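The values are calculated or read from the model by the stated rules, or taken from the named source; none is laboratory data. Remember, it's a predicted structure, so these values are computed and weren't measured experimentally. Every residue, glycine among them, receives a Cβ derived from its backbone with ideal geometry; neighbour counts consider all protein chains shown. Each accessible area value is taken on the protein alone, full model and side chains, heavy atoms only, with ligands, DNA and RNA left out. Shrake-Rupley method; radii C 1.70, N 1.55, O 1.52, S 1.80 Å.
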Amino acid sequence: MKKTTMCCTTCPSGCALNVTIGDQNTVIQVEGNKCPRGELFAQKEWINPERMLTSTVYVQIDGKEQLLPVKSEKPIPKELMFAAMEEINHILVTAPVAMGQIIKENLAGSKIALVACKTIK
């Protein structure tokens, strides 16, 4: 068995979690959480950590380029972040773009879309 610490990001409390990991690489015990969500967070974070990805892509408007804020539709596996950013760095869209519009399907093979966070006419 081993012990590790995590900071729960489920709610603004940011509980400091003390997590005990068993011999089978599973979460045995979680301490320090002030709500039940902390335990679920620790389980998921240990097995398959995910993060929301936010970035920008270029949008072409009248021959000029402007930055468009984008985000992943849902959290993507942390291990795919660099591959996703590599794809995002090569994206150029043409105006108009509507907020919520899908900019890229299946980002880095995650089956999660990249969506626009702003409307540009």
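Can you count the Lys pairs in the chain whose Cα atoms are under 18 Å apart, with each pair 8 or more apart or on different chains?
Close lysine pairs found across the chain: 15.
Rounded to the nearest 10 Å², what accessible area does LYS3 have for a 1.4 Å probe in the complete protein model?
150 Å²
Just going by the charge dipole of the chain, with Lys and Arg at +1 and Asp and Glu at -1 on Cβ, which of LEU17, THR94, ILE76 is farthest out on the positive end?
Of the listed residues, the answer is LEU17.
Ignoring ligands, DNA and RNA, please state the percent of accessible area on the stretch 14-61 from carbon and sulfur, probe 1.4 Å.
Answer for the stretch 14-61 is 50 percent, counting heavy atoms of protein chains only.
If the chain between CYS11 and THR56 were fully stretched, how many nm would it gain, using 0.36 nm times the residue separation less the Cα-Cα distance?
Using 0.36 nm per residue and subtracting the Cα-Cα distance, I get 13.6 nm.
So, with +1 on the Cβ of K and R and -1 on the Cβ of D and E, and no other charges, what is the size of the charge dipole of the chain about its Cα centre, to the nearest 20 debye?
Dipole size: approximately 280 debye.
Where does the chain land at 222 nm, in deg cm²/dmol rounded to the nearest 500, when only DSSP H runs of n ≥ 4 count, each adding -39500 (n - 2.57), divided by all residues?
Calculated from helices alone, the mean residue ellipticity at 222 nm is -4500 deg cm²/dmol.
Starting from the Cα of GLN29, step 7 Å along the direction of its Cβ; do the same at GLU105; then give the gap between the two resulting points in nm.
Distance between the two pseudo-spin positions: 4.9 nm.
So how do ILE21, ILE28 rank on accessible area, 1.4 Å probe, biggest first, that is with the largest at the start?
Values: ILE21 0, ILE28 105 Å².
If we order ILE21, ILE28 from most to least accessible, we get ILE28, ILE21.
Scan (i) -0.26, -0.32, -1.17, -1.45; (ii) -0.44, -0.51, -0.99, -1.09; (iii) -0.30, -0.37, -1.23, -1.42 for the value of log10 I(q)/I(0) by the Debye sum over Cα atoms at q = 0.10, 0.11, 0.20, 0.22 Å⁻¹ calculated from this model and give just the label.
Calculated log10 I(q)/I(0) by the Debye sum over Cα atoms at q = 0.10, 0.11, 0.20, 0.22 Å⁻¹: the matching label is (ii).
Could you report the accessible area of LEU40 in Å², rounded to 10, computed with a 1.4 Å probe on the protein chains as they sit in the structure?
130 Å²
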